[in-house]
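To start, the structure under review is shown below, and the notes come after it.
The values are calculated or read from the model by the stated rules, or taken from the named source; none is laboratory data. Just so you know, these numbers come straight off a predicted model, no measurement behind them. Heads up, the Cβs are rebuilt from the backbone with ideal geometry, glycines too, and the neighbour counts pull from every protein chain shown. Quick note on the areas: whole protein, heavy atoms, side chains included, nothing else; ligands and nucleic acids left out. Shrake-Rupley method; radii C 1.70, N 1.55, O 1.52, S 1.80 Å.
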Amino acid sequence: MKLTATLTVALRALARNKLRSLLTTLGIVIGVAAVILMQAMGAGASARVSAEISSLGSNMLIVLPGGQDRGAFNGSMRSAPTFTRADLEAIRRECPDVRLAAAISSRSMRVVAGERNYTTSLIGTTGDYFAIRDWHTDRGRDLDDDDVRQSTRSCVIGRTVVAELFPGEDPLGAELRLHELTCSVVGVRSEER
């Protein structure tokens, strides 16, 4: 049979069974679209998870106080002794493969600037933390080791805190109140990547 005859027979069969042909075509289109959509969603989810892991740092180690059988899951972390500045210095001195080490303490707290207030995550840390997390500032400066040595009351704030507490204002040099403690804004973090 010639190609033209085959095409003619096929077109006649399609014309005779219009509804069946339409449903078959629709099934093929929906099937192909579903496969493409699932692959795109899988790739997007994979990229998102990779980005989240990368934001932590691909070679970052987090050390929490407490013994082997203590953990956040059984609630005994609160009774574990906390690390001291001497512990941090010992890690820096005695672990040559550790390039940077920073101490952190975090909690959620209400921050007040003038008549505005906002509840945010507060992280108390040392200067290396910015380099470890690959955080940069748009304006002002990062915290440094001099801030720690001199116990300055300095803080670097993020974009959300700027929008909530200083809309349309320059926050550099402004005072923030955290319960009884006040700190001076020395930097504004750049947008997250």
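Points worth noting:
- Taken over the stretch 13-29, the criterion of being under 53 Å from the mean Cα position of the chain (by Cα) and loosely packed, with under 10 Cβ neighbours inside 10 Å is satisfied by Leu19 alone.
- Within the stretch 148-193, tally of residues that are exposed (fewer than 11 other Cβ atoms within 10 Å of the Cβ) and of a type in the set (Gly, Ala, Ser): 3
- Qualifying residue in the stretch 104-117 (condition: more than 30 Å from Thr84 (Cα to Cα), touching a Ser or Thr at 6+ places or on another chain (Cβ under 9 Å) and surrounded by 13 or more Cβ atoms within 10 Å (Cβ to Cβ)): no
- Scanning the stretch 112-128 for residues that are at pLDDT 85 or above and either of a type in the set (Phe, Trp, Tyr) or in a loop (DSSP other than H, G, I, E, B) (or both), we see that the one that is nearest to Ser190 (Cα to Cα) is Tyr118.
- Check on Ile132, under 20 Å from Thr82 (Cβ atoms), open to solvent by less than 60 Å² (accessible area, probe 1.4 Å), of a type outside the set (Phe, Trp, Tyr) and within 18 Å of the chain's Cα centre (by Cα): yes
- For Gly42: the one exception among (1) open to solvent by 70 Å² or more (accessible area, probe 1.4 Å); (2) modelled with pLDDT of 90 or more: (1)
- Residue within the stretch 70-78 that is assigned to a loop (DSSP other than H, G, I, E, B), of a type in the set (A, V, I, L, M, F, W, C) and either exposed (fewer than 13 other Cβ atoms within 10 Å of the Cβ) or at pLDDT 80 or above (or both) present: yes
- Test result for Asp145, open to solvent by 50 Å² or more (accessible area, probe 1.4 Å), charged (D, E, K, R), within 30 Å of Arg48 (Cα to Cα) and touching a residue at least 12 places away in the same chain (Cβ under 8 Å): no
- Filter pass, Asp97 being open to solvent by less than 90 Å² (accessible area, probe 1.4 Å), acidic (Asp, Glu), closer than 22 Å to Tyr129 by Cα and at pLDDT 75 or above: no
- Search result, residues across the stretch 132-168 that are more than 19 Å from Thr182 (Cα to Cα) and assigned to a loop (DSSP other than H, G, I, E, B): Asp134, Trp135, His136, Pro167, Gly168
- As a summary of the residue check, Ser108 satisfies the conditions (1) part of a loop (DSSP other than H, G, I, E, B); (2) touching a residue at least 12 places away in the same chain (Cβ under 8 Å); (3) polar (S, T, N, Q) except for the one numbered (1).
- Inter-residue pairs, beta-carbon under 8 Å, first at pLDDT below 85 and in the stretch 1-23, second surrounded by 10 or more Cβ atoms within 10 Å (Cβ to Cβ) and of a type in the set (Ser, Thr, Tyr), 6+ apart: Leu14/Ser21
- Within the stretch 120-175, considering residues that are among the charged types (D, E, K, R) and touching a Cys at 6+ places or on another chain (Cβ under 8 Å), the one farthest from Arg92 (Cα to Cα): Glu175
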